[in-house]
Amino acid sequence: MGRTLFLLVFCLWIPLEVVGRKEPSLPTSVNSTVSSRPKVVKFGALFTMNSVIGRSALPAIMAAVHDVNSSTSILPGIDLQVIPQNTNCSEFLGTMEEVNKLDDHVALLLMENDVVAVVGPLSSGIAHVISHVVNELHVPLLSFGATDPTLSSLQYPYFVRTTQNDHFQMFAIADFIDYYRWREVIAIYVDNDYGRNGISVLGDALSKKRAKISFKAAFTPGATESSISDLLNEVNLMESRVYVLHVNPDSGLAVFSIAKRLRMMSSGYVWIATDWLPSVLDSFDPPDADTMDLLQGVVAFRHHIPDTDLKRSLLSRLKSQRDKESVSLNSYAFYAYDSVWLAARALDAYLNEGGNISFSSDPKLHDTNGSMLKLASLRTFNGGPQFLQTILGINFTGVSGQIEFDTDKNLVDPTYDILNIGGTGSRRIGFWSNHTGLSVIAPEILREKKSSNVSLMSNQQLYSVIWPGEATTTPRGWVFPNNGQPLRIAVPNRVTYKDFVAKDKNPPGVHGYCIDVFEAALNLLSYPVPRQYMLYGNGIRNPDYNELVEHVAQNRFDAVVGDVTIVTNRTRIVDFTQPFMPSGLVVVVPVVEKKSSPWSFLEPFTTQMWCVTGAFFLFVGAVVWILEHRLNPEFRGSPRKQLITVFWFSFSTMFFSHRENTVSGLGRLVLIIWLFVVLIINSSYTASLTSILTVRQLSSEIEGIDSLISSTQPIGVQDGSFARKYLIDDLNIAESRIVTLKTMEDYVDALQRGPNGGGVVAIVEELPYIEVLMSSTDCKVRTVGQEFTKSGWGFRMVYWKNLKDKADKEYINEAFQRDSPLAIDLSTAILQLSENGDLQKIHDKWLSNQECTTVDDSNKLALTSFWGLFLICGIACAIALTVFFARLYCQYNKFSPEPKNDEEIQPVKFRRPSRTPSLKNLMEFVDKRESDVKEILKQQKKRRHSESLDEHSVSSLT
């Protein structure tokens, strides 16, 4: 309303009004006044003197003017004069305050006095209005109290904010809320530009932390205690207990006073106040005891003012000058002090660069007939644009810290102290900076560490907080709303698989596995949850779970507890708790009993495996015979006997019952490797044969989801299951192939009849259901292939129904409206149930698992599983034979058959004249016993030695 009234009057004042501009050829400026180096420079000061910030800022501004005039380096020879002008907190009255004094010729006093800059105002609303005036007159407006983020827009080029932008304060509060993992807050604020725009930024900041403002509680400026009390009563009925209070300093304490009477300052509540509260408390030294009693446990944000020598010097001087009724300085007072110095330094730089202080009358500004606004007295500062750029380029260290502007005309390095009010004062629990985040170390110290490449992540923390009610544990941040209505929990009224959830005649009206898990999780919570179970479905067929989820999203139910699966399309509209039952779609086919065959003992091995195994039995027997024949008498005898020995030895090793001993080292090596191979083959054969004789076999050619998709035969799904939509939409299976089955009997009957008998080739269902089905049907069905979706069962709950603009949330199995804080607590409780074993106990109570195994021809043992063993055995045999024949060859080269009588022996010619013996001699040599051959070789060696001696004697006699 103030803005509308202003525009009605401003149409007579703003230079855009051209009622009196009848000659378009008038010059753009007249009556120009120029001063190159004036002796006196005037600044304006607009603020409400009878306010918390105004009373604190006035002595700071006067001190700054005195210090500038006392300085020999800034504006030497120039007397700086500040013209203070009291304003009203109302935008309209604050703008037109001077108009009320037209008869005293002080209309628009500041602008008539040719001020080059204006310090103030305090109110963001007045700053919006005054910014239009200074835009036309080219006079920079240095505001140390207007924190509305929208004032930084390009619409107000001459507005320069010399305090912190509320944009950063709201992000600091969002970080604080996220630090304690609260997801919803209630904003209580004054409904003007300052409050409304600040809370808007808070909502944006919270959304980046996956949090939100659940309710905006606004009251008008100057609201009565009755209206504030009604508003707080409405807020107290809601579930969120985290309140952000963003109001004016002069009216904020009234909110806490009413909240105290309504018992909203007790344990479980969280109150976060913006910088208005520290400004109030810092303005009084010491603070009032009754006021402090209202604020116990409140967390507040305050502009961070570094503790420097400059700050201590200023405080010391002001303390010595003020009387007993004077107030202390708050943070805005320090920004006001620096604002004067900023204007003075900028003006000094402007004059040193050759700038002139000159004003021109604007022909567009003149009074209409009968007007008393005296617009012609307003003149434009000619050097305003250059002076504005000089201000924005100034960089110095003031009492409030570093005074330097970024590209958005905000002070660099915004920093806040985080205070916890308690006792008779407050204590600092940490800091916030847009560069360092939350920290217990001052940001200026952290920035030094950052320049030294020191990690700052370990400093993201705060000291402990004493909350309202002297609570030391972090409040949960929400409670069930005080409207006496229990949670409306929907429970699927199932027709099949009633072990999971079903109707019950006894209280609470439902029972089953899912109900027991939900109740067990609630028992782990530290607070009671009022609830009412409501069956969903007609009891004739299973309900549609997608429709049930939609009802939760539409706030027809507050929660769903049951066998609801977490799937993508449901998570888009609701949230889910931690899954308490793993789930996934599987393919189910029937199994049949296979009658025992007289030839079942041949089934463990494939034909190839049988042939290779038999061949190796004979091969190893022959190798051992060759290696043992010349040494072991058990492997000698007639050809018939030796042939029988080879076959007997070969196959008797299958049972480790061979009676022949091996005496050669090579034979023992081959035999021990072969026995190891036989052990593996025997064990595998025994296990496979046992499985064939004791398990059932699949009667379907379907091996998994891929073969099911490629076929054209009908597929069964459970009535109400999401599997139908998944098969059609995601796997592109024709809808005509899908057959809906209502009961477990329908499942078994359809599978047994098969596609040729009007049934189905397979069923696609969730694994938990199939485990129950296999147990209840004595393993007449079985899964094939792998799970082709991975999901789970959880709980889903809606957010509380008394919120005005809530978002939906879905949890599968136990589901809640979106952003429900109960979902987080239940997820933690479910994890506890899983860790302590209670979840498994509930599972065993309701659901029994029976192991079902099947076998098919593809499970026969093939050569591919054993070729490595046969390869090792074959290599060992080859190496043994190679060594054996090499040694035999060496012996044969040294061997000569013995003569039949001694007379025929030729002492000199004992060697064979030919190196190519007959095959008969070779075979005879091989067949000789090893001991006989060695004895012959020994005698031949002696004979050769004797003949050598005889030849030597004959040679000596001759």
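The values are calculated or read from the model by the stated rules, or taken from the named source; none is laboratory data. Just so we're clear, the structure is a prediction, and the values are computed from it rather than from any experiment. As a convention, Cβ positions derive from the backbone with ideal geometry for all residues, glycine included, and neighbour counts pool all protein chains shown.
Observations on the structure shown:
- Whichever residue in segment 256-286 is among the aliphatic types (A, V, I, L, M) and in a strand (DSSP E or B) and, among such residues, is surrounded by the fewest Cβ atoms within 10 Å (Cβ to Cβ): Ile272
- One residue from Leu232, Leu245, Leu253 being part of a helix (DSSP H, G or I) and within 25 Å of Arg183 (Cβ to Cβ): Leu232
- Qualifying positions in segment 490-542 - closer than 27 Å to Val479 by Cα and charged (D, E, K, R): Asp516, Glu519, Arg531
- Remark: Arg37 matches the filter, which requires a residue to be farther than 12 Å from Asn86 by Cβ, at pLDDT below 90 and basic (Lys, Arg).
- Within segment 751-780, if we keep just the residues that are among the small types (Gly, Ala, Ser) and touching a residue at least 60 places away in the same chain (Cβ under 8 Å), the residue that is farthest from Leu741 (Cα to Cα) turns out to be Ser775.
Residue-by-condition table, conditions (1) within 15 Å of Val299 (Cβ to Cβ); (2) of a type in the set (Ser, Thr, Tyr):
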site	(1), (2)
Phe256	yes, no
Leu262	no, no
Ser266	no, yes
Val270	yes, no
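- Matching residues, segment 228-265, being among the hydroxyl-bearing types (Ser, Thr, Tyr) and closer than 20 Å to Ser56 by Cβ: Ser251
- Any hit, segment 136-148, residues being of a type outside the set (A, V, I, L, M), out of contact with any His (no Cβ under 9 Å at 6 or more places or on another chain) and surrounded by fewer than 24 Cβ atoms within 10 Å (Cβ to Cβ): yes
- Annotation note: of Ser683, Ser721, the sole residue that is surrounded by 16 or more Cβ atoms within 10 Å (Cβ to Cβ) and hydroxyl-bearing (Ser, Thr, Tyr) is Ser721.
- Residue within segment 301-319 that is surrounded by 19 or more Cβ atoms within 10 Å (Cβ to Cβ), assigned by TED's automatic domain parsing to the domain that holds Asp417, within 40 Å of the chain's Cα centre (by Cα) and part of a loop (DSSP other than H, G, I, E, B) present: yes
- Those residues of segment 377-414 which are small (Gly, Ala, Ser), outside any loop (DSSP other than H, G, I, E, B) and more than 19 Å from Tyr337 (Cα to Cα), in sequence order: Ser377, Gly384
- Thr424 being touching a helix residue (DSSP H, G or I) at 6+ places or on another chain (Cβ under 6 Å), modelled with pLDDT under 95 and either among the small types (Gly, Ala, Ser) or surrounded by 20 or more Cβ atoms within 10 Å (Cβ to Cβ) (or both): no
- Test: residue in segment 78-90 that is modelled with pLDDT of 60 or more, part of a loop (DSSP other than H, G, I, E, B) and either among the basic types (Lys, Arg) or farther than 19 Å from Thr162 by Cβ (or both): yes
- Hits in segment 529-588 (condition: among the basic types (Lys, Arg), in contact with an Asp or Glu (Cβ under 8 Å, 6 or more places away or on another chain) and either more than 19 Å from Arg488 (Cβ to Cβ) or surrounded by fewer than 20 Cβ atoms within 10 Å (Cβ to Cβ) (or both)): Arg541
- Those residues of segment 248-273 which are within 23 Å of Gly145 (Cβ to Cβ) and either among the acidic types (Asp, Glu) or in contact with a Lys or Arg (Cβ under 9 Å, 6 or more places away or on another chain) (or both), in sequence order: Asp250
- The sole residue among Ala117, Ala107 that is surrounded by fewer than 24 Cβ atoms within 10 Å (Cβ to Cβ) and either over 46 Å from the mean Cα position of the chain (by Cα) or modelled with pLDDT of 75 or more (or both) is Ala107.
- Leading residue by the ranking (farthest from Ser320 (Cα to Cα)) among those in segment 47-71 that are part of a helix (DSSP H, G or I) and of a type in the set (S, T, N, Q): Asn69
- Pair list, Cβ under 6 Å, 6 or more apart: segment 157-178 residue within 16 Å of Val412 (Cα to Cα), other residue assigned to a strand (DSSP E or B) and among the aliphatic types (A, V, I, L, M): Val160/Leu142; Thr162/Leu142
- Within the span defined as segment 594-601, one or more residues are farther than 26 Å from Ile763 by Cβ, part of a helix (DSSP H, G or I) and modelled with pLDDT under 85.
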